[in-house]
1. So, by mean Cβ neighbours within 10 angstrom, what's the order for 111-120, 58-67 with the highest one leading?
2. Restricting to DSSP H runs of at least four residues, report the calculated mean residue ellipticity at 222 nm for the chain, -39500 (n - 2.57) per run over all residues, nearest 500 deg cm²/dmol.
3. Looking only at Cα atoms, what is the convex hull volume of the stretch 16-127 per residue, in Å³?
4. Which ordering of 108, 21, 157 is given by a fewest-first count of other beta-carbon atoms within 10 Å?
5. What fraction of the DSSP beta bridges in the stretch 89-180 is antiparallel, stated in percent and rounded to the nearest 5?
6. Report for the chain the percent antiparallel among DSSP-assigned beta bridges with both residues inside it, nearest 5.
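Each reported figure results from applying straightforward, stated rules to the coordinates on display, with no laboratory input. Owing to the predicted nature of the structure, the values given are computational and were not obtained by experimental measurement. Positions of Cβ are generated from backbone atoms using ideal geometry, with glycine treated the same way; all protein chains shown enter the neighbour counts.
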């Protein structure tokens, strides 16, 4: 019991962000992200923990309304924020999720077309290997099924899935606890 208290004190000395991350994700995961990002320099430009197999482009154009989620934290995610991404509170992203905010220009592949930012509302869940395309806005409590390709916007409280995604059913309003 005394060892646990000593380790808690050590974590608290490392700062509130490190303490919070270790309590949320575990010491092994936080340490692995630190070594890969800060020592091996993979995704070193991203200020939050990112899995070594994920890629985050333009993290400075990502607005997170809460400290969690960390875009790119789950394995195999691709987050491209050229036109910006806004992420609400209590958002979950599965492994392999792709969020793409800009298409390449069809006349010049070195340029990206302008588009409104991708907006993901509060209490959303993006299932494994789902893809969110440029200009999409998801209302609060939209659940995206695994493997769905979301090319258009959806209002609140619905389950969407398919290629292209469509509303599969309406959901009751979200009643879960908010993020802490």
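1. Values: 111-120: 17.7, 58-67: 15.5.
Going from most to least packed, we get 111-120, 58-67.
2. On the way: 3 runs with 30 residues, N = 180.
Calculated mean residue ellipticity at 222 nm is -5000 deg cm²/dmol.
3. Once divided by residue count, the hull of the stretch 16-127 is 106 Å³.
4. Result, fewest neighbours first: 108, 157, 21.
5. Values: 5 of 19 bridges.
Antiparallel: roughly 25 percent of the beta bridges in the stretch 89-180.
6. On the way: 5 of 31 bridges.
Of all bridge pairs located within the chain, approximately 15 percent are antiparallel.
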